[in-house]
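Everything on this sheet refers to the single structure shown next.
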Amino acid sequence: MSDEIYLDASATEPVSSGVIEAMTPFLADAFGNPASVHQPGRTAARALAAAREAFAAGLGGKSGDVVFTSGGTESDNLAIKGIAMARMKRMGLCPAFHAGDETDGYQSGDGGSHGVGEDGQDAESRRPRIVISAVEHPAVSQAADWLGRWFGFEVVRVPVDRQAHIDLEALEDELAGRKGERTTLVSVMLANNEVGTIEPVSQIVEIAHAHHVPVHVDAVQAAGRIPIRFRDWDIDALAVSGHKFATPKGLGALMLRNRVPIEPLISGGGQEHGLRSGTQNVAGAVALAVAIGEANERMRDEWDAMVASRNKLIDAVRRVVPAAELTGDPEARLPGHASFVFPGVTGEALLVDLDAHGISCSSGSACAMGRHEVPPTLMAMGFDEDAAKSALRMSFARPLTGDQIDRVAYALEGSYTRLTQR
Ligand code: PLP
């Protein structure tokens, strides 16, 4: 249906025609393995090197900073687990195994606990920590919890305010003194997927570096939407996912400074500086390079129109549903992101009704595999459960027309009225 309106760009975008055109030659004609020494291999290796250079430049980095991966989730996992484990070892911190927390029914020897971390106070003072924010995507928070489960990391979640800004004083407190000396990594997002708030990453880097703690930034929602200056901001690691800026799905990268110790999670032939083994996806790397270039160009050309249409959309929503509350920072937010809570309905019901009228939005996090849980971000922001369940996100990658905004407002008014009058 041509008059459908797609308002779920934060979930994914269609692949751009420029990207398809650029990557196609590397699927069939220039198909070589970049590790091969023959002519087709060398052609592929040259394309990969050029893509790496262009992609890095698009994010304010250098080509040696890029580790190509399968997407945002893998990049976040590599940074969180890889850096935290490597630093734990170098810092002489001890994994704290808590035997008996879980049983598999198998008992050997005296069945007692094993490993280190049992000498009470001393073990606690050498327990590794990881500090994340309370509003991280599961790709970060679950990876951090994994460190907690397997190595006894203390996982600290720094609180946020009502607009999802990370509490910088609380972060400072969490890194002071001995706590900082046990902290392997700080991980925060650049832009929040659910409410669009842009976090003060440069300040966070400054605070963490003052305590000699590296910073990983989940920039999955930000890349291609707002400018990113990886080196200027002195970030240690930064994750992006290509399909959020018009590559095929399953492509991404971790930008990484070589000053940061890291343990690879995927072992093998040593590709990607030994950090991500496996034959590289040359066509995918070309896609990432072209897509970030196109997105950066669009950002320059369309920034004002994006912000103006977002603000008009927010005004239109508030006009037709005065009870709607904008979530996230009204200004320091992604240009194509509008999110609300709608008292008296569930976001899911609203989403389904709007979908029936040709408008695709999202309720809560798009990446939770269709699970309908209470969005944890909104709870962390201080909304109650009913409000959190009523969340609806509208996100777009190109400016909306006045006609599109009117149609969204009209449909929303109808959906909200139907659902609240039931
Ligand atoms: N981080 C954030 C902030 C996200 O929004 C997402 C997905 O939406 C991810 C990580 C995971 O990215 P992917 O699903 O591409 O692996």
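Details
- Val186 more than 15 Å from the ligand (Cβ to nearest atom) and crowded, with 24+ Cβ neighbours inside 10 Å: yes
- Qualifying residue in region 399-408 (condition: part of a loop (DSSP other than H, G, I, E, B), more than 30 Å from Arg298 (Cα to Cα), not small (Gly, Ala, Ser) and not assigned by TED's automatic domain parsing to the domain that holds His243): no
- Residue selected from region 60-71 under the condition within 15 Å of the ligand (Cβ to nearest atom) and in a strand (DSSP E or B), by the criterion surrounded by the most Cβ atoms within 10 Å (Cβ to Cβ): Thr69
- Conditions (1) in a helix (DSSP H, G or I); (2) in the same structural domain as Met379 (by TED's automatic domain parsing): number failed by Ser339: (1)
- Among the residues of region 194-212, the one identified as touching a helix residue (DSSP H, G or I) at 6+ places or on another chain (Cβ under 6 Å) and either within 13 Å of the ligand (Cβ to nearest atom) or within 22 Å of Asn77 (Cβ to Cβ) (or both) is Glu194.
- Tally, over region 13-59, of residues that are surrounded by fewer than 20 Cβ atoms within 10 Å (Cβ to Cβ) and within 16 Å of the ligand (Cβ to nearest atom): 2
- Selection count where residues are in contact (Cβ under 8 Å) with a residue 60 or more places away in the chain and more than 20 Å from the chain's Cα centre (by Cα), scope region 267-293: 11
- Figure legend. Inter-residue proximity from region 9-34: first residues within 14 Å of Thr247 (Cβ to Cβ), second residues of a type in the set (Phe, Trp, Tyr), beta-carbon distance below 8 Å, spacing 6+ or different chains. Indicated pairs: Ala9/Phe396; Glu13/Phe245.
- Whichever residue in region 123-165 is among the basic types (Lys, Arg) and in contact with a Cys (Cβ under 8 Å, 6 or more places away or on another chain) and, among such residues, is farthest from the ligand (Cβ to nearest atom): Arg126
- For region 195-207, taking the residues that are crowded, with 17+ Cβ neighbours inside 10 Å and free of Cβ contacts under 8 Å to residues at least 40 places away in the same chain, the one that is nearest to Ser363 (Cα to Cα) is identified as Val201.
- Test: Pro227 is surrounded by fewer than 24 Cβ atoms within 10 Å (Cβ to Cβ) and free of Cβ contacts under 8 Å to residues at least 40 places away in the same chain: no
- Qualifying residue in region 372-381 (condition: modelled with pLDDT of 95 or more and surrounded by fewer than 14 Cβ atoms within 10 Å (Cβ to Cβ)): no
- Filter result for the condition that a residue is in contact (Cβ under 8 Å) with a residue 40 or more places away in the chain, over 28 Å from Val282 (Cβ atoms) and either near the ligand (Cβ under 10 Å from one of its atoms) or of a type outside the set (Phe, Trp, Tyr) (or both), over Asp232, Asp218, Asp236: Asp232
The values are calculated or read from the model by the stated rules, or taken from the named source; none is laboratory data. None of these values were measured; they are calculated from a predicted model. Cβ coordinates were reconstructed from backbone atoms using ideal geometry, including for glycine residues, and neighbour counts include every protein chain displayed.
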